[in-house]
Structures are given as structure tokens and as C-alpha cells.
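Peer 1: Pasting a structure below so you can have a look.
Read-outs: derived from the displayed coordinates by stated rules, not from any lab. Just so you know, these numbers come straight off a predicted model, no measurement behind them. Cβ placement follows ideal geometry from the backbone for every residue including glycine, while neighbour counts extend to all protein chains displayed.
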Amino acid sequence: MMNVGGKMIKKGEWVRIHKIILEPSERAPQVPEDTKKVPLEMWDKGFLQADAEIGDEVTVETVTGRKETGTLIEVNPSYRHDFGKFIPELLAIDKQVREILFGGEGK
Amino acid sequence: MTKANDYGSVMARKAEIMLKSVGIDYSKFESGSIAFDYEKMMRETGYTLEEMQNIQYSVNVGNTPVLELKNLTALTRTCAPKEKGARIFIKDEACNPSGSFKARRAANAVYHAKRLGYKGVIAATSGNYGAAVASQAAITGLKCIIVQECYDSKGVGQPEIVEKARKCEALGAEVVQLSVGPELFYKFLLLLEETGYFNASLYTPFGIAGVETLGYETSMQFREKYGKDADVVVCTNAGGGNLTGTARGLAKAGAASQVVGASVNLSGLHMASDGQFNRKSFTTGHTGFGMPFSTWPDRSDVPRSAARPLRYMDRYVTVAQGEVFYITEALASLEGLEKGPAGNTALAAAFSIAQEMNQDQLILVQETEYTGAGKHIQPQLSFARDNGIEIFFGDPGEEVPGQNIILPSHPSLIKARDVDLDHMRRSLIKTAVSTYQVEPRSEDIAFLAEETNSSTEFVREVLKSL
């Protein structure tokens, strides 16, 4: 079979999946208007149960041994959160509290 | 026979699923009306304070240090009137495994699950409780699933919550992440039904009782080191468990401390709104939980919440997001302590309240939380700025949640703002009557007086006005 898609990800690899749990029409009646317009989505991670490509519908086995299905979105999913862009206001706070407590800078 | 798994059908099975997963028959405590026997329910955890302490010590939880913040105290005295400025202390709960006081709740809940023979535990939380449950499950050899509300419809996740997912996974848990919405509860119920795991709910009696050791331990530490109880104990307040457990523990020690609840002010933001989800910079310890859960505790996942903060709050104050961020930076700069911002909500309030007190008085902030990538003032402020939130120095009293974060241009601008407790008491009484649709009997009136830490006269007066 010709592989017209992306790279084949092997069974047993650690992957992240995504799926829609509730369509907008199925949402709880009490949610606000903006939330009502969008689906309830889910993300989970697990070991791929069969070879697949990114974008395929797959089954994974999670670390608790559950089977979960969804769209394959990432292999060896990384953590990308960090310390963000620098906030210079924090330097001003340091300077201020030290000045108040310990006197001005420069003797 | 396969059960129907659509939203409506699953929610209809809620009571049955809860009963199996929590192991408590709540009907035993009901009166058939507004009142229920709260103390009986708390006793039925079957764990005495000593047993809870032993459980916690056996899993390395508790016995955390109390630290005096001499430089923050000095700073508060530069803002305070003459001879005012109480000594400020914090209880370093970040020292617990998983990095927060939640370890105390989790230790008891997970121990209980193991004792009852459950193979795993599930908790619905975007907060530190998830990591605490994962940590305790790891020690106890139980499986763990944490269900989090993490992303908005654009797939953007709040840095604090993303870090918590990482932490839970690092501790061996499965993390199921959802987009914004209360229907998280539906997925949570489905998972409970599928796995048969224990619901390590934040609102079960043993969870709350687990926090009593925090209050009790604090009393013992203060008496030993300072010869007296803390005059004021400030508790960050969201779902009410932190304050309830601490207050009950203080009471068990016979402590004379005033208990103050503190929440970050997020008024105007709707917690279930997809668009507003990432316009706040605090995901816990805020009024979005604090107000509704204080005025109607039984909105929790269990029929009767063990967290009932209005019974114990002597005072409830709010602080602005900017004030908490400022204090978090000051804590690092002046005390050499880097701690997570959410855990400093009570510290921001204490900084202000200390200025109303005498210099020989003691004010305790009863928790801290760990910090790291995502869970830090830097990324939280950076995220806010990227989302169009204006950040500037000024008067934090003018902060509009969702629009700006105002860092105090001088520490003297930090003010703990009082919430009208009587208004909250009236709200609770009103909701009780409208929920149960009954004419309150004398048993209900006595119960409501306890619920609101008021009197039967107050309750009767409110009922008359309805």
C-alpha cells in the first residue's frame, strides 16, 4: 500500500489523542452562550494499539490500562509550558521593596 | 445490557454512580428536609485526629515548618499606623509530597480507598489536588486518573493547569484533559462507571478531615514556639475545604484564633465561559469558586459537602490579582522564598490585615504551594499579556478581572477588602428554602443557624423577609 500520508507511527509508541465528547447541540443547558457554540473536547495519552499516521482514528492503552479512542495528534507528546516572556515590572517590584526596607541604592 | 452514555442518561445515573464510588450512604444523615447531621457525617469517616496524623506521617505528609517572615513584617510596618503591624508567619505546606496542603486531603482519601478495596482513584481537579492524589496513589499502589478542565476552544491552555497535568503524569497518573465546561462532570461519571475506581472527591468527609491536622499541628507549633495561638489564621478559600478543615483542626486544639477566608477577586468573569476562561490569571483560590461554594456547599459532586466554610469564617476578604503577584515577587525578593502565586492569596490578605493588628500579635498564612514552569508569576503574567490583559502599576482596587492586572504602585495600596458575610448568610438561607421547597421546621432553623455561624433569631428574621 502506498504511503501517501505522513510518517507511520508504530504500535506501542506513546502518543496523544484528541476527540469530541459532546457536540455543541449536546451540551448542558446551563452553559453560557459562547460555550454552547463549541464542542466539549478531550485529550488523553497512551500507547498506540496499532500502526497509524497522525490524523488517523486510533485506540490507545492509557497508563491505567484503559482503552481510549481518538484522533492521533502527536507522538512522544512534549511539555511546552515555560516561564513565558520576561515581565520587566517584576524588577521594579524588587527595587521598590528593597529600597523601602533597606534604604536607597548607592551609599 | 449496554447503558446509554449520552449526557442526559449518564447524569440521571449520578446518584447511583456516586454511591458506588464514594462508599458513603448520604441518606443516613438526612432529615428529609433542609437539615442533615453534619457532625455525624464527619464522625462516620471513622478516623480520629490521631489516626489521621498517623496515616499522614506514614506517607510523609504533614509536619511542615512554620516560617516567620521578618522582612515582610517589617515592610508591612512601614505601611501601617504607629505600633501596628502583626508578625507574619507562613506554614510551608509546599514541603508536602506533591507540593501543597492538598496532600493532607489526598492521604486520607487514598488510604480510605485502599482500605475499602478499590483498585484506583479518580479526582476531577485542575489544581494541586490532582498531583496530591497521584502522589498518594503512587505510594499506595493504586491506579489514578485525574480529569482536568484545561483548554479553551482554540486549544489554548492556562500555563498553571498545563504544569499540573505534567506533574500528575510525572507521578504516574493518567490525565484526561477537557475543554471548558461543567460537563467535565459527565466524563468524570463515565470514567467512574467504567473503572469502578474510588471518587477521591474534594468534598467527602475524610478529605476535609484530612486538613484538620493542618489546623491542629499549627496550634501545637505556635504554642511550643511562641507560647500562644496565632491571633489570626488566613486561609485561601475556593471550594471551602481548606478553611473548613483548618478551622475544625484549630477548634480541636481549642485554639482562640480568628479564621479569615481570602479569595482572589474574579468578579464579572463567568467560570463556564469558553471566551473568558483564559482571561483570568488564577485557576483556584478565587471568588469564582469561593462565593458559590460558600453560599451553597451542596453544589459539590457529592450530595452533602463536608466543606462548609460559612460555618467557620469569622471574616471573608478578597484581594486583587495584581496584589497577589506583587506579594509573590516580594516574598522572593525579601524572604528568599519562591512559591507559587495561588498559594500566596492568603499572604496578600495577611499583609493588609497585619496592619490592623498590634505588633505583638501573630498572623498566620496557613499554606504555600510549589512553583515551577507554568506555575509561576512570570508565565502567568506573560500569558495574561499575550491574551490582551493590560498589566500596569496603579491602584489594585480599580482592577477589572479579565481586562487588566493592576500591580500596586506601592505596597501600602494592598488592601484586603471585606465581603459582607451577612449577605452571604442570607443567600445560603434563601437557597436552602428554594431548593428544598419546604416550610422550615425548628430543626431546619437550628441547622441553618449552624450553617451560617449565626443565630436562630437571625435565621428567623431572614425567613420572614423572604
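Peer 1: Being of a type outside the set (Phe, Trp, Tyr) and facing another protein chain (nearest Cβ under 9 Å), is that true of even one residue in region B:120-138?
Peer 2: We begin by selecting, within region B:120-138, every residue of a type outside the set (Phe, Trp, Tyr); these are B:120-128, B:130-138.
Restricting the remaining residues to those that are facing another protein chain (nearest Cβ under 9 Å) gives B:120.
Yes, the conditions are met somewhere in region B:120-138.
Peer 1: Just to be sure, is B:Gly245 part of a helix (DSSP H, G or I) and in contact with a Gly (Cβ under 6 Å, 6 or more places away or on another chain)? Show your work before the answer.
Peer 2: On the way: part of a helix (DSSP H, G or I): yes; in contact with a Gly (Cβ under 6 Å, 6 or more places away or on another chain): no.
Spelling it out, it is not the case that B:Gly245 is part of a helix (DSSP H, G or I) and in contact with a Gly (Cβ under 6 Å, 6 or more places away or on another chain).
Peer 1: Going by what's in this entry, would B:Gly336 be described as surrounded by fewer than 24 Cβ atoms within 10 Å (Cβ to Cβ) and within 14 Å of chain A (Cβ to nearest Cβ)?
Peer 2: Details: surrounded by fewer than 24 Cβ atoms within 10 Å (Cβ to Cβ): yes; within 14 Å of chain A (Cβ to nearest Cβ): yes.
So B:Gly336 passes the test.
Peer 1: Moving to a separate point now. Look through region B:192-211, keep the residues that are in contact with a strand residue (DSSP E or B) (Cβ under 8 Å, 6 or more places away or on another chain), more than 8 Å from chain A (Cβ to nearest Cβ) and not in a loop (DSSP other than H, G, I, E, B), and return whichever of them is farthest from B:Thr244 (Cα to Cα).
Peer 2: Checked region B:192-211; the qualifying residue farthest from B:Thr244 (Cα to Cα) is B:Leu192.
Peer 1: Turning to a different aspect of this structure: Can you name every one of the strands (runs of 3 or more DSSP E) wholly within region B:323-414 that holds 2 or more residues which are within 19 Å of B:Asn71 (Cα to Cα)?
Peer 2: Numbers: elements: B:362-365, B:390-394, B:404-408.
Strands (runs of 3 or more DSSP E) meeting the threshold: B:362-365.
Peer 1: Right, next: Restricting attention to region B:252-264, and to residues there that are in contact with a strand residue (DSSP E or B) (Cβ under 9 Å, 6 or more places away or on another chain) and among the hydrophobic types (A, V, I, L, M, F, W, C), which single residue is nearest to B:Gln148 (Cα to Cα)? Give the derivation first.
Peer 2: Our first condition is that a residue be in contact with a strand residue (DSSP E or B) (Cβ under 9 Å, 6 or more places away or on another chain); within region B:252-264, this holds for B:255, B:257-264.
Now narrow it down to the ones that are among the hydrophobic types (A, V, I, L, M, F, W, C): B:255, B:259-260, B:262, B:264.
Details: B:Ala255: 37, B:Val259: 30, B:Val260: 29, B:Ala262: 24, B:Val264: 21 Å.
Applying the filter and picking the extreme gives B:Val264.
Peer 1: Looking only at region B:289-310, which residues are within 14 Å of another protein chain (Cβ to nearest Cβ) and closer than 17 Å to B:Ala262 by Cα? Write out each step before concluding.
Peer 2: Looking only at region B:289-310, we keep the residues that are within 14 Å of another protein chain (Cβ to nearest Cβ), and these are B:292, B:299.
Hit for region B:289-310 is B:Pro292, nothing else.
Peer 1: Could I ask something else about it? Just to be sure I understand, how many residues within region B:158-183 are in contact (Cβ under 8 Å) with a residue 60 or more places away in the chain and either touching a helix residue (DSSP H, G or I) at 6+ places or on another chain (Cβ under 7 Å) or within 8 Å of another protein chain (Cβ to nearest Cβ) (or both)?
Peer 2: Looking only at region B:158-183, we keep the residues that are in contact (Cβ under 8 Å) with a residue 60 or more places away in the chain, and these are B:158-164, B:166-167, B:171, B:179-183.
After this cut, where a residue has to be either touching a helix residue (DSSP H, G or I) at 6+ places or on another chain (Cβ under 7 Å) or within 8 Å of another protein chain (Cβ to nearest Cβ) (or both) as well, the list is B:158-160, B:162-164, B:166-167, B:171, B:179-183.
Adding up the residues that qualify gives 14.
Peer 1: Scan region B:284-299 residue by residue and report those that are among the aromatic types (Phe, Trp, Tyr) and more than 14 Å from B:Thr318 (Cβ to Cβ). Steps first, answer last, please.
Peer 2: So in region B:284-299, the residues among the aromatic types (Phe, Trp, Tyr) come out as B:289, B:293, B:296.
Passing the criteria: B:Phe293, B:Trp296.
Peer 1: Related question: Would you confirm, using the coordinates I've provided, whether B:Thr64 is surrounded by fewer than 20 Cβ atoms within 10 Å (Cβ to Cβ), polar (S, T, N, Q) and touching a helix residue (DSSP H, G or I) at 6+ places or on another chain (Cβ under 6 Å)?
Peer 2: no
Peer 1: Further question: So is B:Pro379 at negative phi and more than 11 Å from every other protein chain (Cβ to nearest Cβ) or not?
Peer 2: Working: at negative phi: yes; more than 11 Å from every other protein chain (Cβ to nearest Cβ): no.
Spelling it out, it is not the case that B:Pro379 is at negative phi and more than 11 Å from every other protein chain (Cβ to nearest Cβ).
Peer 1: While we're looking at this one, here's another question. Can you list the helices (runs of 4 or more DSSP H) lying wholly within region B:421-466 that have 3 or more residues being of a type in the set (Ser, Thr, Tyr) and touching a residue at least 24 places away in the same chain (Cβ under 8 Å)?
Peer 2: Details: elements: B:421-436, B:442-451, B:456-465.
Result: B:421-436.
Peer 1: Given the conditions (1) in contact with a helix residue (DSSP H, G or I) (Cβ under 9 Å, 6 or more places away or on another chain); (2) in contact (Cβ under 8 Å) with a residue 40 or more places away in the chain; (3) buried (at least 21 other Cβ atoms within 10 Å of the Cβ), and given that B:Ser153 satisfies all but one, which numbered condition is not satisfied?
Peer 2: Tallying (1) in contact with a helix residue (DSSP H, G or I) (Cβ under 9 Å, 6 or more places away or on another chain); (2) in contact (Cβ under 8 Å) with a residue 40 or more places away in the chain; (3) buried (at least 21 other Cβ atoms within 10 Å of the Cβ), B:Ser153 fails exactly one: (3).
Peer 1: Taking the criterion of being more than 14 Å from chain A (Cβ to nearest Cβ), in a helix (DSSP H, G or I) and in contact with a strand residue (DSSP E or B) (Cβ under 6 Å, 6 or more places away or on another chain), would at least one residue in region B:265-288 satisfy it? Before the answer, list the steps.
Peer 2: First pass over region B:265-288, keeping only residues more than 14 Å from chain A (Cβ to nearest Cβ): B:265-267, B:280, B:282, B:284-287.
Retained after the next criterion (residues that are in a helix (DSSP H, G or I)): B:287.
Then keep just the ones that are in contact with a strand residue (DSSP E or B) (Cβ under 6 Å, 6 or more places away or on another chain); that gives B:287.
Yes: one or more hits.
Peer 1: Name every residue in region B:145-175 that is of a type in the set (D, E, K, R), over 20 Å from B:Ala238 (Cβ atoms) and in a strand (DSSP E or B), in order of residue number.
Peer 2: Here is the first cut: in region B:145-175, the ones of a type in the set (D, E, K, R) are B:149, B:152, B:154, B:160, B:163-164, B:166-167, B:169, B:174.
Then drop every residue that is not over 20 Å from B:Ala238 (Cβ atoms), which leaves B:152, B:154, B:166, B:169, B:174.
Across region B:145-175, the qualifying residue is only B:Glu174.
Peer 1: For region B:306-322, which residues satisfy the criterion of being of a type in the set (Ser, Thr, Tyr) and assigned to a helix (DSSP H, G or I)?
Peer 2: Here is the first cut: in region B:306-322, the residues of a type in the set (Ser, Thr, Tyr) are B:312, B:316, B:318.
Result: no residue meets the conditions.
Peer 1: When the residues of region B:354-376 are filtered to those that are surrounded by 24 or more Cβ atoms within 10 Å (Cβ to Cβ) and aliphatic (A, V, I, L, M), which remaining residue is nearest to the other protein chains (Cβ to nearest Cβ)?
Peer 2: Checked region B:354-376; the qualifying residue nearest to the other protein chains (Cβ to nearest Cβ) is B:Ala354.
Peer 1: Separate question: Has region A:91-100 got any residue that is more than 10 Å from chain B (Cβ to nearest Cβ) and either at positive phi or among the small types (Gly, Ala, Ser) (or both)?
Peer 2: The initial filter retains those residues of region A:91-100 that are more than 10 Å from chain B (Cβ to nearest Cβ), namely A:99.
Within this subset, residues satisfying the condition of being either at positive phi or among the small types (Gly, Ala, Ser) (or both) are none.
Looking through region A:91-100, none of the residues is more than 10 Å from chain B (Cβ to nearest Cβ) and either at positive phi or among the small types (Gly, Ala, Ser) (or both).
Peer 1: What is the one condition in (1) under 17 Å from the mean Cα position of the chain (by Cα); (2) farther than 19 Å from B:Ile146 by Cα; (3) of a type in the set (Ser, Thr, Tyr) that A:Ser78 does not satisfy?
Peer 2: Looking at each condition in turn, A:Ser78 falls short on (2).
Peer 1: Please go through region B:382-402 and pick out each residue that is more than 11 Å from every other protein chain (Cβ to nearest Cβ) and within 25 Å of the chain's Cα centre (by Cα). Working first, answer last.
Peer 2: Within region B:382-402, the first condition is being more than 11 Å from every other protein chain (Cβ to nearest Cβ), and the residues that meet it are B:387-390, B:394-402.
The answer is B:Pro396, B:Gly397, B:Glu399, B:Val400, B:Pro401, B:Gly402.
Peer 1: Restricting to region B:1-59, what's the tally of residues that are of a type in the set (Ser, Thr, Tyr) and in a loop (DSSP other than H, G, I, E, B)? Walk me through how you get there before you give the answer.
Peer 2: If we filter region B:1-59 for residues that are of a type in the set (Ser, Thr, Tyr), which is where we start, we get B:2, B:7, B:9, B:21, B:26-27, B:31, B:33, B:38, B:45, B:47-48, B:57-58.
Those left that are additionally in a loop (DSSP other than H, G, I, E, B): B:2, B:31, B:33, B:45, B:47-48.
Result for region B:1-59: 6.
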